[in-house]
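The values are calculated or read from the model by the stated rules, or taken from the named source; none is laboratory data. Note that the coordinates shown come from a computational prediction; the quantities given were computed from them, not determined experimentally. Ideal geometry is used to build each Cβ from the backbone, glycine not excepted, and the neighbour counts take in all protein chains shown. Note: accessible area is taken over every heavy atom of the protein model, side chains too, but ligands, DNA and RNA are not part of it. Shrake-Rupley method; radii C 1.70, N 1.55, O 1.52, S 1.80 Å.
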Amino acid sequence: MPAVQETIDQVRQIDVDQYKYGFETTVEMEKAPKGLSEDIIRFISAKKNEPDWMLEWRLGAYRRWLTLEEPAWARVNYPKIDFNDLYYYAAPKNQSGPMSIDDVDPEIIKTYEKLGIPLREQEILAGVQKSKVAVDAVFDSVSVVTTFKEELKKAGVIFMSISEAIREHPDLVKKYLGTVVPTTDNFYATLNSAVFTDGSFVFVPKGVRCPMELSTYFRINERDTGQFERTLIIAEEGAYVSYLEGCTAPQRDENQLHAAVVELVALDDAEIKYSTVQNWYPGDKDGKGGIYNFVTKRGDCRGKNSKISWTQVETGSAITWKYPSCILRGDNSRGEFYSIAVSNGHQQVDSGTKMIHLGKNTSSRIISKGIAAGVSQNTYRGQVSTHRKAENARNFTQCDSLLIGDRCGAHTVPYIEAKNSTSHFEHEATTSKISEDQLFYCLQRGIPEEAAIALIVNGFVKEVIQELPMEFAVEAQKLISISLEGSVG
Amino acid sequence: MNIQAGFKPTAAEAALVEAYDKQLGDLPGDGATLAARDALLSDLKTAGLPTRRIEAWHYTDLKSLLRAVPAYRDEMTASRVDPIVPGSTVLSVTNGKANLRSLQDGISVRSYADALLDGSAAERLSERDRDDAIGQINGSFVRDGLSIEFADGLEVETPIEIQSVQNCGQVSTRFPVRFGAGAKATVIERHLAVGDEAALVTSVSDVRLDDGAEITWIIFQSQGEADTHLAQFKASLGANANLRLYVINGGGKLVRQEIHVAVAGEGSNLTLRGINLLGGESHTDVTFTVGHNVPHTTSSEVIRNVVFDRAKGVFQGQIRVAPDAQKTDAKMSCNTLLLSDDADFSAKPELEIFADDVQCGHGATVIDINHTQLFYLMARGIPENKARAMLVNAFVAEIVEELEDEALVESLEGVITDWLDRHA
Amino acid sequence: MLEIKNLHARIAEDGTEIIRGLNLTVRDGEVAAIMGPNGSGKSTLSYILAGREDYEVTEGDILYNGESILELDPSERAAKGIFLAFQYPIEIPGVATMQFLKVAMNEQRKARGEDELTTPDFMRRVKEAAAELQISPEMLRRPLNVGFSGGEKKRSEILQMALLEPRLCVLDETDSGLDIDALKIVADGVNALRSPDRSVVVITHYQRLLDYIVPDTVHVLYKGQIIKSGDKTLAHDLEANGYADIIEAAA
């Protein structure tokens, strides 16, 4: 396990309660006025040079949203959000969309460098990373640069910001946007539909295997700003794509809202692998500040033999409310959900998945590892259901929670709904603390307690880490150890 | 009618309110008892019957499922039947009225109507929370039942069957039972219907095990195909007390059996075994919570469901470990055999853990008959339909056998086999 | 007794072909050993003989006493006298061993138009057979195969064989997981059942079992076909030289 030594090194370097991505970038910003109204939505739409149909779509969602209530079923507590006290649009001045790397404000490029995300293609090629990863960098409300666009284009893959896609590929966007997560879906998704500002668009045509990993890196920088990104990924018949998203935000005293929607569509024999390393600012040790991460992610296995796999490493955010789901519509389709959710300090996590079996011979697999430390609350909430006609649906769920310290909580709430006698569901969940025997064994071999915990936790989450693309697996392991900093003693 | 302004009560909600107004005059008790009843009914009126939006009722939307409320009737004709375990001591409640008899020294049996009349029942005539529709309905309408006390150290060999039987109408009963320190006994709480007319039955058992008591409590419900059965079993366990609770459902159109146990004394243990035999159009919901409130307690729960025809089954089970309840060991499993394409089953096993030094887990499966086992039986010459029946029976018999007491095992296996013979 | 003609069979679920043109004849009273390396199709053959649904016969036929059995389900085959001793006997919690034995014996008798056994008669038969195989009454009280050790499971299989009195016994890797003492008990049990009108097919990877259950014929199964047949000396050759030579010679 090569990451272990690195983990220990990281642990040594960092003091308790350190969020290493908490710096702020100073760039001149252009913002819409605070608050939410039809005018603000018109402003956003105009900024993006959107066609009329898009504006109407947004306004429809907004009117619907006004009739909805915030959901209350999740095990999370937070003061009521004043949706009129937020900025819904903030972009670096003179940048309302992605541009050539040479025109981007150097401060922004520096920001991404500091975060470990090189945006200059030649640097990536010259860099240590062995394989190429194309990046769409989203800074507050706007995509600032997308790398390797040309190379991808040669392979037939469209990878650009959603704002560009709305202008350049309106037919594709129109055909798929909102077909997986309708504008009426839920409070936050509906809000997102009204005000989303940017995000990524991926289209992999029939028979194409995307030649490199795609990724989007989201950064919230501006104060009092909500980030509402929208991602749409389509894999046509027989296509394959692996996509990764990462996210960070500066350290601030106030809570910031992030309400994203991600839609995936896999047609016959297509496969989409979607990985997330979520590291929004979690708030300080007293629970002050941090991101509210209210996200709707859903994949539609629309075609037969299609496959959608979600992998998530959730270490950040003050509150996480997210359930990346799969609608297994096509016969023989498969959905997977691999999750690690680490909570420390005052973090609250309510996350899991939904596997909706509609087609015949569909299968799903859920592996969830929750780790709670500090005074955090960590809930797995997952639904597995079969439709009456979904013959031979198969699900396997393994859901393990680890508690570190006696002031945190770990909760497991599965919803298992079988409506067909040929369904075969297996669900297992355990909750325990780090084994005293394992810990003692490590200590006896001279490994200090904090390192020993990192070691054991890495073992606990290994099954999920293995599902991440190689380049990110090591990074994710480090992140987990850092997130658990200060959980001992 | 003052159900929340702007909301139109359903027929059943209106009928409940109307029934209360009508029966008020002859419901036993005034003063504190009446005040408690009024408060419960008022909460019910304010919120209405629970819907699926209430998490505790997620799979049983009582508001839409409870279509009608049969009228209360004075002249009901059911009479007691033979006990499940031959030779048991029977305490019968026929048509909602307790038939008192005195038992051996050390067991005191009183009519619950007396406790309503003298007001001593009022204090515990309360709801668990605002969503406690069963507590509200039962508390509003309860007329009788049995208050039973077992003396400290009393060991009773013969099972005691509390038998509540009716043929129609409305029956609301309560059974406060206290087992003294170190008492040992087996109690069978049995609810059944005779005849085909619809009944609404509500029942609350309010059980306390003092330190070191060792009790086997078996709930066997076999209401009629048109009946609504809303029941609650609440228990609190003292130090080193041991409750072995079996819940067997084999009847009813709309059934909600709640079980709420506080494992409240150090060293105490709860063993819950549930068997749901569901057929016809039955909607049966078993909702269970166990609170591990102090260190060093254990619980284990195994629920087996067999679902035929167009039946719908629900199991919600929550293991809650309080902060500081270290060394809790709790395991829950819920296994379902779905035997018809029109049947469905929903399970929500929950862990809610606030202490770290614990071993808790749950498992849930929904399965078909095991094909390897079926092949093995058939390879030995057992025809397919018989082999299937054997495997269904084995699936539930397995947990009955844990009871060890031969007479008890045999009797329960008998009722299960009977049920399966009628439905398979 | 048994005639397998040009049998082709595959796994129903994924279509993988396992048996590819297998021919085998077993005469009345014969003990035939089928040997072969791992993955040659030995266990598959035993399952196909017993009628397991997971395999599909795509070509050829299996004749048992001159009649095709391909259309019969497992219980019908069993009632006709085909017995499979499983390599891994199945555990069935909740089914008592005694209850299982009684149902199996009586269902087979019913299928053959015979009277059911009386309880005392049944008890006597089980007791006697169990004693021969050193199976304790305590073991018989447990649920079927649950908590049995490997050796106990195999003895339980032979007990069933003795009680059900089959005409054709198929022993699938009966020696696996047995120590030498257990092996002897099992082999004695099988040998006691040898008779002119009962045939036995012994499927095994090793020659060891054949020291105790001495076969009349030995057949080598490789890639779903019998590639060589001979008498018991063939087993000794295999033990000494391995499968490679024969496989090469057949190729």
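Might you check whether a residue that is within 15 Å of B:Asp144 (Cα to Cα), open to solvent by less than 10 Å² (accessible area, probe 1.4 Å), in contact (Cβ under 8 Å) with a residue 12 or more places away in the chain and assigned to a strand (DSSP E or B) occurs anywhere in region B:208-222?
No; the residues of region B:208-222 include none that is within 15 Å of B:Asp144 (Cα to Cα), open to solvent by less than 10 Å² (accessible area, probe 1.4 Å), in contact (Cβ under 8 Å) with a residue 12 or more places away in the chain and assigned to a strand (DSSP E or B).
How many of the residues making up region C:176-188 are open to solvent by 10 Å² or more (accessible area, probe 1.4 Å) and either among the hydroxyl-bearing types (Ser, Thr, Tyr) or under 14 Å from C:Lys153 (Cα atoms) (or both)?
Total meeting the criteria: 6.
Would you point out which residue out of A:Thr184, A:Thr225 is closer than 27 Å to A:Ala72 by Cβ and either modelled with pLDDT of 95 or more or open to solvent by 10 Å² or more (accessible area, probe 1.4 Å) (or both)? Steps first, please.
Working: A:Thr225 fails: either modelled with pLDDT of 95 or more or open to solvent by 10 Å² or more (accessible area, probe 1.4 Å) (or both).
Step by step, each of A:Thr184, A:Thr225 is checked, and only A:Thr184 is closer than 27 Å to A:Ala72 by Cβ and either modelled with pLDDT of 95 or more or open to solvent by 10 Å² or more (accessible area, probe 1.4 Å) (or both).
Among the strands (runs of 3 or more DSSP E) lying completely within region A:254-363, list those that include at least 2 residues that are of a type in the set (S, T, N, Q).
A:255-258, A:271-278, A:290-301, A:307-314, A:334-343, A:348-357
Somewhere in region B:82-89, is a residue under 30 Å from B:Ile188 (Cα atoms) and without any contact (Cβ under 8 Å) to a residue 24 or more places away in the chain?
Yes - at least one qualifying residue is present in region B:82-89.
Is it the case that region C:23-39 has a residue that's facing chain B (nearest Cβ under 9 Å) and surrounded by 17 or more Cβ atoms within 10 Å (Cβ to Cβ)?
Going through region C:23-39, the residues facing chain B (nearest Cβ under 9 Å) turn out to be none.
Among the residues of region C:23-39, not one is facing chain B (nearest Cβ under 9 Å) and surrounded by 17 or more Cβ atoms within 10 Å (Cβ to Cβ), which makes the answer no.
In region A:263-275, which residues are open to solvent by less than 10 Å² (accessible area, probe 1.4 Å) and within 23 Å of A:Glu475 (Cα to Cα)? Don't jump to the end; show me each part of the working.
We begin by selecting, within region A:263-275, every residue open to solvent by less than 10 Å² (accessible area, probe 1.4 Å); these are A:263-266, A:270, A:272, A:274-275.
Listed by number, the residues that qualify are A:Ile272, A:Tyr274, A:Ser275.
Tally the residues that are open to solvent by 90 Å² or more (accessible area, probe 1.4 Å) and among the acidic types (Asp, Glu), restricting the search to region C:224-251.
3
I need the full set of residues from region A:364-400 which are more than 10 Å from chain B (Cβ to nearest Cβ), farther than 30 Å from A:Asn332 by Cα and of a type outside the set (A, V, I, L, M), in order please.
Those that are more than 10 Å from chain B (Cβ to nearest Cβ), farther than 30 Å from A:Asn332 by Cα and of a type outside the set (A, V, I, L, M): A:Gly374, A:Ser376.
So C:Ser75 clears everything in (1) more than 14 Å from every other protein chain (Cβ to nearest Cβ); (2) more than 26 Å from C:Leu210 (Cα to Cα) except one condition, right? Which one?
With respect to (1) more than 14 Å from every other protein chain (Cβ to nearest Cβ); (2) more than 26 Å from C:Leu210 (Cα to Cα), C:Ser75 is out only on (1).
Determine whether C:Thr118 is more than 9 Å from chain B (Cβ to nearest Cβ), of a type in the set (Ser, Thr, Tyr) and open to solvent by less than 20 Å² (accessible area, probe 1.4 Å).
no
Would you confirm, using the coordinates I've provided, whether B:Gly135 is crowded, with 18+ Cβ neighbours inside 10 Å, more than 27 Å from B:Ala183 (Cα to Cα), among the small types (Gly, Ala, Ser) and in contact (Cβ under 8 Å) with a residue 24 or more places away in the chain?
On the way: crowded, with 18+ Cβ neighbours inside 10 Å: yes; more than 27 Å from B:Ala183 (Cα to Cα): yes; among the small types (Gly, Ala, Ser): yes; in contact (Cβ under 8 Å) with a residue 24 or more places away in the chain: yes.
So B:Gly135 passes the test.
When residues of region B:93-120 are filtered for being in contact with a helix residue (DSSP H, G or I) (Cβ under 6 Å, 6 or more places away or on another chain) and open to solvent by less than 10 Å² (accessible area, probe 1.4 Å), how many remain?
Result for region B:93-120: 1.
Counting only residues that are under 22 Å from the mean Cα position of the chain (by Cα) and either small (Gly, Ala, Ser) or within 13 Å of chain C (Cβ to nearest Cβ) (or both), give me the helices (runs of 4 or more DSSP H) lying completely in region B:324-424 with at least 3 of them.
Ranges flagged: B:384-400, B:406-423.
If B:Leu200 meets every condition in (1) part of a loop (DSSP other than H, G, I, E, B); (2) more than 18 Å from B:Val409 (Cα to Cα) apart from one, which number is that one?
Of the numbered conditions (1) part of a loop (DSSP other than H, G, I, E, B); (2) more than 18 Å from B:Val409 (Cα to Cα), the odd one out for B:Leu200 is (1).
State whether one or more residues within region C:103-114 are away from chain B (no Cβ under 14 Å) and surrounded by fewer than 17 Cβ atoms within 10 Å (Cβ to Cβ). Quick ask: steps written out before the conclusion?
Step one: filter region C:103-114 for residues away from chain B (no Cβ under 14 Å), giving none.
Checked against the condition, which is being away from chain B (no Cβ under 14 Å) and surrounded by fewer than 17 Cβ atoms within 10 Å (Cβ to Cβ), region C:103-114 yields no hits at all.
Could you list, in sequence order, all residues of region B:391-408 that are open to solvent by 20 Å² or more (accessible area, probe 1.4 Å) and of a type outside the set (Gly, Ala, Ser)? I'd like the intermediate steps shown before the answer.
We begin by selecting, within region B:391-408, every residue open to solvent by 20 Å² or more (accessible area, probe 1.4 Å); these are B:393, B:395, B:398, B:401-402, B:404-407.
If the condition is that a residue be open to solvent by 20 Å² or more (accessible area, probe 1.4 Å) and of a type outside the set (Gly, Ala, Ser), then B:Asn393, B:Phe395, B:Glu398, B:Glu401, B:Glu402, B:Glu404, B:Asp405, B:Glu406 are the ones that fit.
Which condition number does B:Ser92 fail, the rest of (1) more than 30 Å from B:Glu406 (Cβ to Cβ); (2) outside any loop (DSSP other than H, G, I, E, B) being met?
So B:Ser92 meets the others, but not (1).
For the condition in a strand (DSSP E or B), away from chain B (no Cβ under 13 Å) and out of contact with any Gly (no Cβ under 8 Å at 6 or more places or on another chain), what is the one hit in C:Val57, C:Val95?
C:Val57
Select from region B:169-197 the residues that are open to solvent by 10 Å² or more (accessible area, probe 1.4 Å) and either farther than 21 Å from B:Ile248 by Cα or outside any strand (DSSP E or B) (or both) and list them in ascending order.
B:Gln170, B:Arg178, B:Ala181, B:Gly182, B:Lys184, B:Val194, B:Gly195, B:Asp196, B:Glu197
For region B:1-82, list the helices (runs of 4 or more DSSP H) that sit wholly inside it and hold at least 1 residues that are of a type in the set (Val, Ile, Thr) and either loosely packed, with under 14 Cβ neighbours inside 10 Å or more than 22 Å from the chain's Cα centre (by Cα) (or both); which are they?
On the way: elements: B:11-23, B:31-47, B:62-65.
Hits in region B:1-82: B:11-23, B:31-47.
Need the failing condition index for A:Arg64 against (1) open to solvent by 40 Å² or more (accessible area, probe 1.4 Å); (2) part of a loop (DSSP other than H, G, I, E, B), just the number.
Status for A:Arg64: all satisfied but (2).
For region A:430-489, which positions are of a type in the set (S, T, N, Q), in a helix (DSSP H, G or I) and surrounded by fewer than 17 Cβ atoms within 10 Å (Cβ to Cβ)?
The answer is A:Gln438, A:Gln444.
Residues checked against (1) surrounded by 24 or more Cβ atoms within 10 Å (Cβ to Cβ); (2) of a type in the set (A, V, I, L, M):
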| position | (1), (2) |
| --- | --- |
| B:Phe288 | yes, no |
| B:Gly291 | no, no |
| B:Thr297 | yes, no |
| B:Val306 | yes, yes |
| B:Asp309 | no, no |
| B:Gln326 | no, no |
| B:Asn335 | no, no |
| B:Ser346 | no, no |
| B:Glu352 | no, no |
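In region A:401-428, which residue that is closer than 30 Å to B:Ala343 by Cα and either touching a Gly at 6+ places or on another chain (Cβ under 6 Å) or more than 7 Å from chain B (Cβ to nearest Cβ) (or both) is surrounded by the most Cβ atoms within 10 Å (Cβ to Cβ)?
Going through the qualifying residues, I end up with A:Pro414.
Exactly one condition in (1) within 23 Å of B:Ser205 (Cα to Cα); (2) open to solvent by 30 Å² or more (accessible area, probe 1.4 Å) is not met by B:Pro86; state its number.
For B:Pro86, the exception is condition (1).
For B:Arg320, are the conditions met, namely being open to solvent by 20 Å² or more (accessible area, probe 1.4 Å), assigned to a strand (DSSP E or B) and under 30 Å from A:Arg407 (Cβ atoms)?
Judged against the criteria, B:Arg320 is a match.
Is there a residue in region C:94-102 that is of a type in the set (Phe, Trp, Tyr), surrounded by 20 or more Cβ atoms within 10 Å (Cβ to Cβ), closer than 22 Å to B:Ala394 by Cβ and touching a residue at least 24 places away in the same chain (Cβ under 8 Å)?
yes
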